[in-house]
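The values are calculated or read from the model by the stated rules, or taken from the named source; none is laboratory data. Remember, predicted model here, so these are calculated numbers, not experimental data. Don't worry about glycine lacking a Cβ; one is built from the backbone with ideal geometry, like all the others, and counts go over all protein chains shown. SASA here: full protein model, heavy atoms, side chains in, ligands and nucleic acids out. Shrake-Rupley method; radii C 1.70, N 1.55, O 1.52, S 1.80 Å.
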Amino acid sequence: MRIAITVGLSGAMAAPTLAADINLNVEIPRLSVAEYHRPYVAIWLERADNSVAANLAVWYDVNLRNNEGTKWLKDLRQWWRRTGRELTMPADGLTSPTRAPGKHDVPFAGASKPLADLAPGQYQLVIEAAREVGGRELLRIPMQWPPKEPINLTAKGEHELGAISVTLKP
Amino acid sequence: MKTTAKLAVVALLACLPVAAEAHRAWMLPSATVLSGDDPWVTVDAAISNDLFYFEHFPMRLANIGADEDGGPAAGAKGPKGKGGPPGRRGGRPADLVVTAPDGSAVEAQNGSMGRYRATFDVHLKQKGTYRIAAINEMLTASYKAGGETKRWRGTAEALAKDIPAGAEDLRVTEGHNRIEVFVTSGKPTDTALKPTGKGLELLPMTHPNDLMVGETVKFRFVADGKPAPDMVVKVIPGGIRYRDKLGEMDFKTDAEGVLSFKVEAPGMYWLNASLGDLPSTVDKAKRRVGYVATLEFLPQ
């Protein structure tokens, strides 16, 4: 712990504006249902007024022919309303295929977009999951940007999302 | 879902009957309980994810008062329905069977096949309960020839002709699906609800147009006329779009095939069950039967 704090401080002193990294771990729960489809998931950063500061990831059926997987993007209904409907899919660096049940590391480097452009401030990391013929769940994790020291934040979903862990490193 | 996985699922589903297909098949009547001298109902029929919103495919139905391709009825003006609306599925359409309170068959009217739903009207000329059912029977097979998996669909007569003798890994499925709704003009009656002895059927102990929240409902299920004990029956409330949890309830029939359950909120409910391993009259075939009903629960 002491080492971590020291590293954090030295990092902050050396370059106060240097971008930090976000290491996210998202658990997709294993569900026992008659018809299972992997959930669509959107991850973004939200300002206090719910406007979108950065789109981080969208997992959907990117490989269906004729871009048919986009038909169900609106089921991520908060994401769709806040930002999804403004975007053209698929989008480089943002969209990727849906993921299987299990824990997934999702790193975002501070040196690259969109974190490199993110203004300092208070944000909420939002994760929304919607499953075809299943349910929907949305989690919000408040976070300060850039982090002053390494910090780990967690949240736990109830049905469509499992354990979520966010590690911020200056 | 990865494309490969999706293809596998599509291939698998190609062997399964309508009710077990990805997405949900359903019919939705404009009303289930009617009064007055000259009532009609309009029924929507669709295949969708959310209940009960038509957002994916129309249910392909024959005998809805339109021509076989879903175009206007014979003699009507306008283009024939060749090809139908975009997105329509191939294969043989399900048969619509409307049974009147006296047990006679009634024709549906004003049918049309849209991009997302099929729709038709039933003129309720008699007092009592109508049973409106979409019935889909199909024989499908898969086998290996030259290292490739072949799929086949057709009739029992064609089966022996089309598939080479000694085909490897031959799997034959005889599917029967019933997707139905009940509507009552005046007092509920039972004549139209008598079992046909084919496929999976719901025999009312509680009348399907006399359902209230908080009251225990009892239905007896029979598969090809025989009781269906220990069968899982899934019940999902409509209005999925406006809530986060699916709210699916799993019930089970008892040793006599009787299902007892109750629901707490009024509305339209989707009830679904299937059995996969019944004896078939077709040689080497497995028989798979599916059942779907849309039921309306009224507030107390």
| What is the gain in length, in nm to one decimal, between B:Leu203 and B:Asp95 on full extension, counting 0.36 nm per residue of separation less the C-alpha to C-alpha distance? | 36.8 nm
| What aspartates and glutamates sit close enough to B:Lys187 to cross-link, taking a C-alpha to C-alpha distance under 20 Å and skipping anything fewer than 8 places away on the same chain? | B:Asp37, B:Asp38, B:Asp102, B:Asp210, B:Glu215, B:Glu296
| said: Using the basic label-point model (7 angstrom from Cα toward the beta carbon), what is the B:Thr216 to B:Asp230 distance in nanometres? | reply: 2.2 nm
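Enter the buried accessible area of the B/A pair, total of both sides, probe 1.4 Å, in Å² rounded to the nearest 100. Write down the numbers at each step before the final one.
Working: alone 14830 and 9480 Å², together 22630 Å².
So the buried area, both faces added, is about 1700 Å².
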| query | Averaged per residue, what accessible area in Å² does the protein assembly as shown show with a 1.4 Å probe, protein chains only? | reply | 48 Å²
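Using the Cα centre of region A:32-170 as the reference point, and only Cβ charges (+1 on K/R, -1 on D/E), how large is the resulting charge dipole? Debye, rounded to the nearest 20. Walk me through the numbers before you get to the answer.
Details: 18 positive and 16 negative charges, 17 e Å.
Dipole about the Cα centre, nearest 20: 80 debye.
Under a Cβ-only charge scheme (Lys and Arg +1, Asp and Glu -1), can you give me the dipole magnitude of the protein assembly as shown about the Cα centre, in debye to the nearest 20? Write out the running numbers ahead of the final one.
On the way: 58 positive and 54 negative charges, 168 e Å.
For the protein assembly as shown, the charge dipole is close to 800 debye.
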| Accessible area of region A:2-169 belonging to carbon and sulfur atoms, whole % at 1.4 Å probe | 52 percent
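To the nearest 0.05, how large is the calculated FRET efficiency for B:Asp102 and B:Ala156 if R₀ is 51 Å and r is the Cβ-Cβ distance?
0.95
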| request: Take the solvent-accessible surface of the protein heavy atoms, probe 1.4 Å, and return the percent of it on region B:24-297 that carbon and sulfur atoms account for. | output: 51 percent
| request: With a 1.4 Å probe on protein heavy atoms only, tell me which residues of region A:123-153 lose at least 10 Å² of accessible surface in the complex relative to the chain by itself. | output: A:Glu132, A:Val133, A:Gly134, A:Gly135, A:Arg136
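Given the pairs A:Lys71/B:Lys252; B:Lys226/B:Lys262; B:Lys218/B:Lys284, which are separated by over 26 angstrom at their Cα positions? Mind dumping the intermediate values first?
On the way: A:Lys71/B:Lys252 35 Å; B:Lys226/B:Lys262 24 Å; B:Lys218/B:Lys284 35 Å.
As for pairs spanning more than 26 Å Cα to Cα, those are A:Lys71/B:Lys252; B:Lys218/B:Lys284.
Students often check this: by mean Cβ neighbours within 10 Å, which of B:203-214, B:256-267, A:100-111, B:281-292 ranks highest, and how do the rest follow?
On the way: B:203-214: 17.3, B:256-267: 15.2, A:100-111: 13.6, B:281-292: 18.9.
Taking the mean over residues of other Cβ atoms within 10 Å, the ranking is B:281-292, B:203-214, B:256-267, A:100-111.
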| said: Set the bar at 31 Å for Cα to Cα. Now go through A:Lys74/A:Lys169; B:Lys127/B:Lys198; A:Lys74/A:Lys113 and name every pair that lies beyond it. | reply: A:Lys74/A:Lys169
| request: Give me the angle, in degrees from 0 to 90, between the Cα long axis of helix A:2-14 and the longest principal axis of the Cα atoms of chain A, rounded to the nearest 10. | output: 80 degrees
| said: Residues of region B:189-217 with the amide nitrogen closer than 13 Å to a label point 7 Å from the Cα of B:Val282, along Cα-to-Cβ, please. | reply: none
| field | For B:Arg287, residues with placed amide H under 5 Å, excluding near neighbours | value | B:Glu174, B:Leu278, B:Ser280
| Short version: which residues of region B:243-269 lose at least 20 Å² of accessible area, all chains versus chain alone, 1.4 Å probe? | B:Asp244, B:Lys245, B:Leu246
| For the protein assembly as shown, alpha-carbon Rg over 2.2 N^0.38 Å | 1.17
